[in-house]
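*Asks:* Can you read through this structure? Questions will come right after.
The values are calculated or read from the model by the stated rules, or taken from the named source; none is laboratory data. Predicted, not measured: the structure shown is a model, and the values here were computed from it. Here Cβ is always computed from backbone atoms with ideal geometry, including for glycine, and neighbour counts include all displayed protein chains.
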Amino acid sequence: MAGFVHLPYLPSQVAALLDQVAGESLLEMHQRADLASMHLDDMIAAIRIGLDAAWSLATD
């Protein structure tokens, strides 16, 4: 059994990306597809829920 969990950037990482893009003037903001972010506490809660669900399926 295997799984994959994609975690988005932290808000501070997105802020840094936006600063970089603005500084380089290479891409318009609407051309960026990687601006999703989530707070660390929310990511940890989501991982725990996912692990609990996977564990309950694996042990049934």
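*Asks:* Give me the residue from segment 36-60 that is at pLDDT 80 or above and part of a loop (DSSP other than H, G, I, E, B) and, out of that set, surrounded by the most Cβ atoms within 10 Å (Cβ to Cβ). First the steps, then the outcome.
*Replies:* Going residue by residue through segment 36-60, those that are at pLDDT 80 or above are 36-59.
Filter once more, keeping what is part of a loop (DSSP other than H, G, I, E, B): 36, 38-39, 59.
Working: A36: 9, M38: 14, H39: 12, T59: 6.
Per the stated criteria, the residue is M38.
*Asks:* Which numbered condition trips up R32, out of (1) surrounded by 11 or more Cβ atoms within 10 Å (Cβ to Cβ); (2) modelled with pLDDT of 80 or more?
*Replies:* (2)
*Asks:* Restricting the search to segment 1-29, which residues are at pLDDT 90 or above and in a helix (DSSP H, G or I)?
*Replies:* Correct list: P11, S12, Q13.
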